[in-house]
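Taking it in order: structure first as structure tokens, then the write-up.
The values are calculated or read from the model by the stated rules, or taken from the named source; none is laboratory data. Source: prediction; values computed, not measured. In this analysis, Cβ positions are derived from the backbone assuming ideal geometry, glycine residues included, and neighbour counts consider all displayed protein chains. Areas reflect the complete protein model, heavy atoms only, side chains present, ligands, DNA and RNA absent. Shrake-Rupley method; radii C 1.70, N 1.55, O 1.52, S 1.80 Å.
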Amino acid sequence: MIIVNKIKLRDKRLADALDDYIWRTDAELVRLDAAPLLTTTFPRYLSDYADELRSSSIRHRFAVETLDGKHIGNCSYYGIDETKGEAELGIMIGNRDYWDKGYGADTVTALISYIFHQTNLERIYLKTLDSNIRAQKCFQKCGFTPYGHLDRDGFNFVLMEVNRKQWQEQQPKT
Ligand SMILES: CC(C)(COP(=O)(O)OP(=O)(O)OC[C@H]1O[C@@H](n2cnc3c(N)ncnc32)[C@H](O)[C@@H]1OP(=O)(O)O)[C@@H](O)C(=O)NCCC(=O)NCCS
């Protein structure tokens with residue numbers, strides 16, 4: 001369990017499946033995420049979800065909860081390249097009631113801290129739609145800086161990164 005300000009990160013569990021299904025079949029959310037709209041039925045999704053929880057996935061996923069235990073989103077890191085010392089970060093605050101209130105920034109802060117404390121990775125990067133100003137603002141608040149653009153599959157992305165040294169320099173001195 002990782003706690004930063006207003007959020008907790010915890011391991012994913014089967015009880016998250018319904019929220020995740022609702023968010024992955026929400027047209028606005030998947031558009032903001034440049035992801036495909038899920039078309040499978042919930043029973044099928046649940047069965048695949050259970051299989052994935054049992055397998056040792058190479059994607060490290062966490063549920064995002066409020067301090068009183070409400071599941072509001074997910075975050076993850078994946079595409080781990082030990083040679084380059086880097087991984088990609090993903091986040092979705094699926095519950096719109098929690099947008100623009102700092103929950104995303106707390107989540108990203110928690111995940112960056114977890115990665116730099118628990119792994120040897122030196123760099124975390126992400127891509128977000130260049131039209132998604134909310135996401136870019138959120139990531140900038142957490143220390144990410146833009147380093148380029150990517151056009152892929154008809155989407156225009158901003159690429160952002162944070163490296164360990166830069167992140168350490170930004171931490172409050174104790
Ligand atoms: C993107 C996301 C993670 C950000 O989390 P969040 O909790 O909403 O973000 P935060 O409140 O930490 O920060 C958002 C900032 O953007 C600002 N903002 C929002 N919309 C804005 C706009 N149109 N123009 C300028 N600033 C804007 C907010 O005011 C806030 O800044 P502030 O703290 O200085 O007031 C979350 O909204 C989300 O998951 N959205 C749906 C899915 C999505 O966009 N996924 C893409 C992720 S790559």
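Residues in the stretch 52-70 that are at pLDDT 95 or above and either more than 14 Å from the chain's Cα centre (by Cα) or β-branched (V, I, T) (or both): V64, T66, L67, D68, G69, K70.
Matching residues to (1) of a type in the set (S, T, N, Q); (2) within 14 Å of the ligand (Cβ to nearest atom):
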{"residue": "H71", "(1), (2)": "no, yes"}
{"residue": "Q118", "(1), (2)": "yes, no"}
{"residue": "Y125", "(1), (2)": "no, yes"}
{"residue": "D151", "(1), (2)": "no, no"}
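Note on the stretch 135-174: residues that are open to solvent by less than 90 Å² (accessible area, probe 1.4 Å), under 21 Å from D33 (Cβ atoms) and modelled with pLDDT of 95 or more amount to 17.
Counting just the residues of the stretch 74-114 that are aromatic (F, W, Y) and within 11 Å of the ligand (Cβ to nearest atom), which one comes out surrounded by the fewest Cβ atoms within 10 Å (Cβ to Cβ)? Across the stretch 74-114, the extreme among qualifying residues is W99.
When the residues of the stretch 37-75 are filtered to those that are touching a Phe, Trp or Tyr at 6+ places or on another chain (Cβ under 6 Å) and not hydrophobic (A, V, I, L, M, F, W, C), which remaining residue is nearest to T107 (Cα to Cα)?
Step one: list which residues in the stretch 37-75 are touching a Phe, Trp or Tyr at 6+ places or on another chain (Cβ under 6 Å), which gives 42, 45, 59-60, 72, 75.
Narrowing the set further to residues that are not hydrophobic (A, V, I, L, M, F, W, C) leaves 45, 59-60.
Working: Y45: 26, R59: 17, H60: 14 Å.
Taking the candidates together, the pick is H60.
For V30, the criteria (1) without any contact (Cβ under 8 Å) to a residue 40 or more places away in the chain; (2) within 19 Å of F139 (Cα to Cα); (3) open to solvent by 30 Å² or more (accessible area, probe 1.4 Å); (4) hydrophobic (A, V, I, L, M, F, W, C) hold in every case but one, which is (3). Pick from the stretch 124-134 the residues that are within 16 Å of A34 (Cβ to Cβ) and part of a strand (DSSP E or B): which of them is most open to solvent (accessible area, probe 1.4 Å)? Within the stretch 124-134, the match that is most open to solvent (accessible area, probe 1.4 Å) is K127.
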